[in-house]
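*Asks:* Below is one structure. I have some questions about it.
The values are calculated or read from the model by the stated rules, or taken from the named source; none is laboratory data. What you see is a predicted model, and the numbers here were worked out from it, not measured in a lab. With ideal geometry, Cβ positions are generated from the backbone for all residues, glycine too; neighbour counts draw on all protein chains shown. Surface accessibility is based on the protein's heavy atoms, side chains included, excluding ligands, DNA and RNA. Shrake-Rupley method; radii C 1.70, N 1.55, O 1.52, S 1.80 Å.
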Amino acid sequence: MNVSSVLIAGGGMAGFQTASSLRELGYAGDITIVDASTAPPYDRPPLSKDYLLGSSTIEHLAFAKPEWYVEKNIALVLGSAITALDPDSGTVTLANGRDLCADVVVLALGGAARKLPLDTGTASNIHTLRTVEDANALHAAISVGTRLLIVGAGLIGAETASSAATLGATVTLVDPFEPPLVPVVGLDMARYLHAHHAGSGIRTIQGSLTQLIADDSGDYVAAVLESGERLDIDQILVGIGITPNTQLAVAAGLEVDNGVIVDSNHRTSHPRVFSTGDMARTRTADGELARRNEHWESARLSGTATARGILGLEPDHADSHWFWSDRAGIHLEVAGDMSAAAESVFRGSTQDDSFVLFRVNGSTLVAAASINDSMAVRAARRIIAAGTAVTAADLANPAVNLKKLTRGIAS
Amino acid sequence: MSENKFVVAQDGDIEDGEAIKIDRAITGADDDIAVFFDNGEYFALNDTCSHATASLSEGWIENGEVECPMHSGRFCLASGEVLSMPASENMRTHRVVLENGDVILYPGVPAGVKA
Ligand SMILES: Cc1cc2nc3c(=O)[nH]c(=O)nc-3n(C[C@H](O)[C@H](O)[C@H](O)COP(=O)(O)OP(=O)(O)OC[C@H]3O[C@@H](n4cnc5c(N)ncnc54)[C@H](O)[C@@H]3O)c2cc1C
């Protein structure tokens, strides 16, 4: 297919990176990014961290300055949601009635924060955190002494707990799992991270909500746990994951299964339509459906892979999975799959300000997670991707330079 | 222009793929300066990543690039140009030369410009 126009639906990390990579790869045709948000494409991770704390601005979150779009000849159509997609003609319809048409349409719509099933009322004090507007509302709702209940202790719930505590809120974090996050960071690291909350004055409760109690205005004043305990609250944040924004794809007849199904070139079941980022789910060469990633770096890499797919280039070599999370005094980095079967090898100890936890299978490094030692995980990421043989003794020994191990030199 | 230069290391002090940080209190510059040694060449950039508060001297240095230790934004060591998200602003370069075994930094003089 000769592509001379690309319409990117959604200007999050994946959509923005698709546009940027198309230009880097030499594509000279039209590029249009359409986003429901009125803000030019911006970065989401700070929304639960610096931005929520009030120490960053929306300008600083922008992926690029306005001049960049001019220089790269990328059109932005902001402030109107896409309501329909016609794959055969490559047409999207916007809420304002406008139709836009292109040779290729890229669905990069991300996900929507899941709502609490109990939340059926009209309360104004229950929040989710996905957009800059959400972050503004949450920031405005928190002051010293605010009793904030956070439902779900995943990455966003935990980070927000930490930021809110820093803002002076009295935070209670409820999650059915003890410790939470095991599938994401593995058991050993999950335990460490969960224990850290107490040090920030955050109360953690294992359990789930059975009831929300509203006052006459409709706002929630209390939550009841399955244990029977009643928590009096001022604000609630719900952080129980996202559902991929697949409605348009479903209506357009694309293949969808907890994500829009794409091949290794990010092409969907319709040749004119690609999908990328949090909402896309890859069917591997052997026919299996891969787990959908919901991390920044996978969204970025998937944007680049999508641009390559559109231009008919072979996929890039696969880097190992990597992400970070920041909370009170802790910078966590993870490479690889921490929940895969393997043995734990520590470099340093959980009592230290910084340490590394490797997951090793024989001489194969499967995954690594670090607290305040990101260079260790950067090294691990390269070792995992290259399949460099390691020994548990080298990994555990702080005197062994991990960067040298990436080059296969033990010193 | 007044001669503003500092011997910051001896050749061989900084291992390949490593960097040192020169405090702004020493240079009088508006930021600390990271001096990198990569593949036989010296480079210098402002130390504080243009994206979030992190020290590039603690970053991953390889193939003429430094990757920030916080969120992995990447910069070209020679030009300071931003190469990868989440950073979106270039880093300022400083001239650094090797003379008779001295690694000499010219704070405020862009790389490639003769002091
Ligand atoms: C608060 C928060 C903190 C995070 N922290 C981290 C972290 O520390 N580390 C990490 O690795 N990851 C983190 N993430 C995850 C990371 O930000 C996501 O994986 C990434 O943003 C996914 O990119 P995306 O482009 O697929 O989707 P998104 O970034 O969600 O972008 C989708 C875009 O599509 C637009 N859109 C949706 N529907 C429509 C429509 N119908 N019409 C038009 N536009 C539409 C939206 O407005 C949005 O701009 C965090 C996410 C959040 C929300």
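*Asks:* Could you figure out which of (1) away from chain A (no Cβ under 14 Å); (2) of a type in the set (A, V, I, L, M, F, W, C); (3) touching a residue at least 60 places away in the same chain (Cβ under 8 Å) isn't true of B:I26?
*Replies:* Among (1) away from chain A (no Cβ under 14 Å); (2) of a type in the set (A, V, I, L, M, F, W, C); (3) touching a residue at least 60 places away in the same chain (Cβ under 8 Å), the lone unmet condition for B:I26 is (3).
*Asks:* Which residue, of A:V224, A:V260, A:V273, A:V256, is without any contact (Cβ under 8 Å) to a residue 24 or more places away in the chain and touching a strand residue (DSSP E or B) at 6+ places or on another chain (Cβ under 6 Å)?
*Replies:* Only one candidate qualifies: A:V224.
*Asks:* Continuing with the same structure: Any residue in the stretch A:41-54 that is touching a residue at least 60 places away in the same chain (Cβ under 8 Å) and open to solvent by 30 Å² or more (accessible area, probe 1.4 Å) sitting within a Cβ distance under 8 Å of a residue that is near the ligand (Cβ under 6 Å from one of its atoms) and charged (D, E, K, R)? List the pairs, counting only those 6 or more apart or interchain.
*Replies:* What qualifies is A:R44/A:R130.
*Asks:* If you don't mind, another one. Against the definition (away from chain B (no Cβ under 12 Å), more than 26 Å from A:A161 (Cβ to Cβ) and either within 8 Å of the ligand (Cβ to nearest atom) or open to solvent by less than 10 Å² (accessible area, probe 1.4 Å) (or both)), how does A:A9 come out, yes or no?
*Replies:* For A:A9, the condition - away from chain B (no Cβ under 12 Å), more than 26 Å from A:A161 (Cβ to Cβ) and either within 8 Å of the ligand (Cβ to nearest atom) or open to solvent by less than 10 Å² (accessible area, probe 1.4 Å) (or both) - is met.
*Asks:* Continuing with the same structure: Can you list the strands (runs of 3 or more DSSP E) found entirely within the stretch A:326-388 that contain at least 2 residues being charged (D, E, K, R), touching a strand residue (DSSP E or B) at 6+ places or on another chain (Cβ under 9 Å) and not assigned by TED's automatic domain parsing to the domain that holds A:L193?
*Replies:* A:343-347
*Asks:* Could you tell me whether any residue of the stretch A:219-237 is surrounded by 14 or more Cβ atoms within 10 Å (Cβ to Cβ) and either within 15 Å of the ligand (Cβ to nearest atom) or at pLDDT below 95 (or both)?
*Replies:* Yes.
*Asks:* Moving to a separate point now. I need a count of the residues in the stretch A:15-40 that are of a type outside the set (S, T, N, Q), open to solvent by less than 10 Å² (accessible area, probe 1.4 Å) and within 14 Å of chain B (Cβ to nearest Cβ).
*Replies:* Count: 3.
*Asks:* May I ask you to list the residues in the stretch A:283-297 that are surrounded by fewer than 22 Cβ atoms within 10 Å (Cβ to Cβ) and either part of a helix (DSSP H, G or I) or more than 8 Å from the ligand (Cβ to nearest atom) (or both)?
*Replies:* Matches in the stretch A:283-297: A:R283, A:T284, A:A285, A:D286, A:G287, A:E288, A:L289, A:A290, A:R291, A:R292, A:E297.
*Asks:* Evaluate the following for A:V70: is it more than 13 Å from chain B (Cβ to nearest Cβ), assigned to a helix (DSSP H, G or I) and at negative phi?
*Replies:* yes
*Asks:* Further question on the same structure: Return the residues of the stretch A:391-402 that are under 21 Å from B:D16 (Cβ atoms) and either aliphatic (A, V, I, L, M) or in the same structural domain as A:H196 (by TED's automatic domain parsing) (or both); say none if nothing qualifies.
*Replies:* Within the stretch A:391-402, A:A399, A:V400, A:L402 qualify.
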